[in-house]
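To start, the structure itself, in C-alpha cells.
The values are calculated or read from the model by the stated rules, or taken from the named source; none is laboratory data. All values reported here derive from a predicted model rather than from experimental measurement. Using ideal geometry, Cβ is built from the backbone for each residue, glycine included, and neighbour counts are taken over all protein chains shown.
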Amino acid sequence: MLSILKKELADFSELSSVRTNINTIYRELESENYDKVIQICDLSIEKCEKVKEKAITSKNEEIANSMFVVNAYCKVMKCYSNYWNKILEGKYKDSWVDLQDTINNLINVTKFMENQTEFGISEFNSHLNELEKLYPYSIFASSEMVIETKECSICGKSVLDMDCIHIPGNLYWGQMAAIICKDIVFQAVALVEHPMDKRCVIEISDDYRTDKEKFKLLHYFVENNTNPLKLFTVTETHKYYYNEKYHKYKRNDPCPCISGKKFKKCCGENKYERRPHFHIELKDDIRLRPLLITSES
Ligand SMILES: [Zn+2]
Ligand SMILES: [Zn+2]
C-alpha cells in the first residue's frame, strides 16, 4: 500500500507533496536532524488525514486505507527520532519505550506491505531488533485479566454479534478494526520472557549503579555510533574469566568451601567463570535506506 506514493493520481495531487515530505524525512534522519524529522512527520500526518477525508468523500477506499499505512510510516519515523533524542540526552531507560513505540508502529506498516523487502522496511525492522539487544532487559511483567466485554471499534457491536463483519487488524476506510476491551478484571501479573508488550520491564531494586553502568552495552554503542541508519550487528557469545577469589589456593589444598574435599576436586573446577560477552560490529559503509521513493509515471 505504500506503493501508492509512487503513482501520480490526477484526483489526488496532494500525494506528490506527501511523497516529497517522506523523502525529506529520510534525508533529515540521515543528517541526524531529529527535531526537523518530527516537525515534517506532524505535517505529513495532517496532510494524510486530509487526503483520507477526500478519498472517503469520493468513495475510494483503497486510497483511504493507503493513507493509514503512510500515516503509520510517519509515526514510525517520529517515534524513532524521539528515540534518538532520548539516546543523545543519555536517557537510556526512557528510550526503551520510544524504541517499543517505533517497533509497534512499524508492525502497522509491514502488515500491509505487498513485498516485505520493498523500501528497505524489513532491513529497518531487523535494525530495531538489534537495538533491543543492547538493553539489559530479559524479563517483563505481563498482566493476566478476564475481559467481560469486547466491542468492535468500527461498528461498536459486540464481537460475538453476527452482524459485525469487521476482522480485527483489517482496514476499513482508512481505519484499522480493533477490539475494544471493557469491564476488565485483573487477576495477576506474570513474569515472562516474551510478552506481547515489552514496556513493563523488571528491574533490580536498590540498584545504585548509574545509567552508564546499567546500560553498559548501549552506552558503549552510543560512544561509537550516533547515526540512526548505520547498520550494525550484536552477537551474544560467552567468555571464561579467571575467578580472582580462588587465586591463593593450590590444587591439593583443602577446599575453602569446607566440603572436606581437595580444592582441585571441588571448587577448583570453577576457577574459570563463564560470563556473557557481546560483540558489536559496526558496518561502516552500510546505511539503511528505509523508504526513499521515486515517482513511476
Ligand atoms: Zn464491527
Ligand atoms: Zn569447594
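When region 272-287 is examined, which residues are found to be surrounded by 10 or more Cβ atoms within 10 Å (Cβ to Cβ) and modelled with pLDDT under 70?
Of everything in region 272-287, those that are surrounded by 10 or more Cβ atoms within 10 Å (Cβ to Cβ) and modelled with pLDDT under 70 turn out to be ASP284, ILE286, ARG287.
If you check ASP207 against the conditions, is it at pLDDT below 85, out of contact with any helix residue (DSSP H, G or I) (no Cβ under 6 Å at 6 or more places or on another chain) and either within 28 Å of TYR135 (Cβ to Cβ) or not hydroxyl-bearing (Ser, Thr, Tyr) (or both)?
yes
Could you tell me which of the residues ILE40, ILE63 is farther than 22 Å from GLU114 by Cα and either among the β-branched types (Val, Ile, Thr) or without any contact (Cβ under 8 Å) to a residue 40 or more places away in the chain (or both)?
Criteria check complete, one pass: ILE40.
Identify the residue in region 154-180 that is in a strand (DSSP E or B) and of a type in the set (Val, Ile, Thr) and, among all such residues, is farthest from ligand 2 (Cβ to nearest atom).
ILE180
What about GLU151, is it outside any helix (DSSP H, G or I), in the same structural domain as PRO168 (by TED's automatic domain parsing), closer than 29 Å to TYR172 by Cα and out of contact with any Phe, Trp or Tyr (no Cβ under 7 Å at 6 or more places or on another chain)?
Considered against the rule, which asks whether it is outside any helix (DSSP H, G or I), in the same structural domain as PRO168 (by TED's automatic domain parsing), closer than 29 Å to TYR172 by Cα and out of contact with any Phe, Trp or Tyr (no Cβ under 7 Å at 6 or more places or on another chain), GLU151 comes out as yes.
Before we move on, is GLU213 away from ligand 2 (no atom under 16 Å from the Cβ), outside any strand (DSSP E or B) and more than 24 Å from ASP101 (Cα to Cα)?
Against the criterion (away from ligand 2 (no atom under 16 Å from the Cβ), outside any strand (DSSP E or B) and more than 24 Å from ASP101 (Cα to Cα)), GLU213 qualifies.
Across region 124-153, which residue is farthest from ligand 2 (Cβ to nearest atom) among those that are out of contact with any Pro (no Cβ under 8 Å at 6 or more places or on another chain) and of a type in the set (Ser, Thr, Tyr)?
Ranking the candidates gives SER153 first.
Being within 30 Å of GLU30 (Cα to Cα), more than 16 Å from ligand 1 (Cβ to nearest atom) and assigned to a strand (DSSP E or B): is that true of GLU273 here?
No, not satisfied.
Quick one: how many residues across region 74-116 are part of a helix (DSSP H, G or I) and either assigned by TED's automatic domain parsing to the domain that holds LEU171 or among the basic types (Lys, Arg) (or both)?
4
Can you pull out every residue in region 226-250 that is over 30 Å from LEU29 (Cα atoms), surrounded by 10 or more Cβ atoms within 10 Å (Cβ to Cβ) and either aliphatic (A, V, I, L, M) or within 16 Å of ligand 2 (Cβ to nearest atom) (or both)?
Matches in region 226-250: ASN243, LYS245, TYR246, TYR249.
Kindly indicate whether THR149 is free of Cβ contacts under 8 Å to residues at least 60 places away in the same chain, over 28 Å from PRO276 (Cα atoms) and away from ligand 1 (no atom under 16 Å from the Cβ).
no
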